[in-house]
1. For the stretch 75-196, what does the alpha-carbon gyration tensor say about shape, rounded, prolate or oblate, given a ≥ b ≥ c as the root eigenvalues, a/c under 1.5 as rounded, and a/b over b/c as prolate?
2. Give me, ordered by chain and number, the residues 5 or more places off residue 379 or on other chains with an amide H under 5 Å from its own placed amide H.
3. Between residue 271 and residue 191, what is 0.36 nm times their sequence separation minus the Cα-Cα distance? Round to one decimal in nm.
4. Using amide H atoms built 1.01 Å from N in the peptide plane, name the residues 5+ places from residue 88, or on other chains, whose amide H lies under 5 Å from its own.
5. How big is Rg to Rh over the chain, alpha-carbon atoms, Rh as the Kirkwood inverse-mean-distance radius?
6. State the answer as a single residue: which of 188, 164, 108 lies farthest towards the positive end of the charge dipole of the stretch 31-189, with beta carbon charges of +1 for Lys and Arg and -1 for Asp and Glu, about the Cα centre.
7. When the Karplus curve 6.51 cos²θ - 1.76 cosθ + 1.60 is applied with θ = phi - 60°, which whole-Hz ³J(HN,Hα) does each residue of the stretch 486-493 get, with x for Gly and Pro?
8. Roughly speaking, what is the centre-to-centre gap between the stretch 340-396 and the stretch 277-317 when only Cα atoms are used, to the nearest Å?
Amino acid sequence: MQAILKAPASMSSTVSLTVPATATNAVLAPGDFVGFGFETAFVNDYANDFSNKLMNSVAKRLPETLTIRTGGTSGDMLTYDPGQAAVKVCVSGDCPIGSSAAYILGPAYFDGFASFQDFHLSVQAPLGPTVNLSNTLAYVELALDQVGDRLAAIAIGNEPNLYPAEFGVSYSIEQYVADVELVRANLTDALGLNETIFELLDISDFAETDSTTKFTIINTFERGIDSTDNAKFAATHFYQIKTETSTLAQMQTDLMNHAVIVSNISAGVPQDVAYLAANYPAVQYIFSETGSGLTTPREIQDSFGAALWFVDFQLYSLVSGVARVDGTQRPAANHSLWVPDDSAGDVNPGPQVRAPFYAQPFVADFIGLAPGNVLEIDLASDYLVAYASYNASTGAAEKLALINFIAWADGISTASRGSVSFAVSASGLRDTVRVRRLRAEAGCQAMGYDYAGPEQNITWAGEQWSYSLDGGEGHLVANVNVSEVVDVTDGQFTVQVLDSEAILVDLI
């Protein structure tokens, strides 16, 4: 294997890549790995045909029912009024479209949970630093009346490590453990729960490992949070961009950068996954809330570069032992996979499909209907990335995902668009391989058809999703290849990947 220079280059180059013959240290891909997520207060905004069509376009590519996580900061600040006619009323905070706002919910709010009939749902039980058991029980009971046997988990609270900042109070791990036990016991008794169903922590920063007083999976479980052995998931949240990012150069450094993804995940995930496997093997580690960023411009957070980031983030999470990654959003969030309606107004126009959505069908197709064992092929590069998937029964290499993170944007980059040619060697190849492309002709700052028109269109394997063109159904685009056939000679083939592009190669 040829080592790659760390710095990105705009010129074309060739890289030699050998697919390992055996899947040593590979991870079996979960059949429901790809997930979605909606902020609690905005579940109803996503309860429409548009959202269901988009999610079903992904779900049909995987063998197991996918999960929608409903939760977030608003889920700990809500109250229920059985006499309120309105779906929700924002009463304080960042009204009317913020996540850190307090909402009063009426009975009609819970009708939204009935919309997602083809999916499992995770429902957040309101917690906060001062537990209101009657309010928590009312919310969960009414939600479960609609969800029924589609329930994936009951998450108790959201980001308890941020309660001091959100609510202006002190809050410790010990209090959180006690509050969780109180809520769990009451929900179990009131609802007759007798299964492993609870999701714990949902902390905002999985990398807080430098002190036993900080909220981490290890610290919290060491204090006995799963003493009744009915936890199903331990969840953390992740947002990639930590600083203000607005230029193409910053986008390359902060977002489209495999080394940064590896560094961020390696800071906490392997330790947590190993701890759970050794001490609580029934508890799965998940990323229940994710996004490219929170404070950067929409043209960065919701760009095609963010779609490429989300592909790599998910696949590196997978090989690190993460059981599910939820792509989460609310109508006003600039990192959204799609905007479900026009409720955010000019703050975030909708309804629209946004660029990061395209990561979901790519990752789903890489995993496929018969999930295999996945490993990363280390290219010693910050900007070129490779993953291989092996048949779970035969051990044969079946798929190869290649990402070229070198940032190129039409109208911004001064050089012409470069590419990298991968000279691939693998055993057991047929006479040809099939190549499918995740591409945007405008490059990494393309925003997709709905937001920016045909000049910034994005396709995966020739397919486009658009509210304005197909209502989220998806359709093939004229003059864009669904796939390409590449000849194999003596167990080798060469494929070209443009700067700011990803491809999926079917090897056998």
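1. Taking the square roots of the gyration eigenvalues as a ≥ b ≥ c, the stretch 75-196 is oblate.
2. HN-HN under 5 Å from residue 379: 386.
3. Stretched fully, the residue 271-residue 191 segment lengthens by 25.3 nm.
4. HN-HN under 5 Å from residue 88: 106.
5. Taking Rh as the inverse mean 1/r over Cα pairs, Rg/Rh reads 0.97.
6. 108
7. Each residue's phi maps through the Karplus curve to give 10, 6, 10, 10, 6, x, 9, 8 Hz.
8. 10 Å
FYI, it's all coordinate maths here, none of it is from the lab. In this text, all values refer to a predicted model and were calculated from it rather than measured experimentally. With ideal geometry, Cβ positions are generated from the backbone for all residues, glycine too; neighbour counts draw on all protein chains shown.
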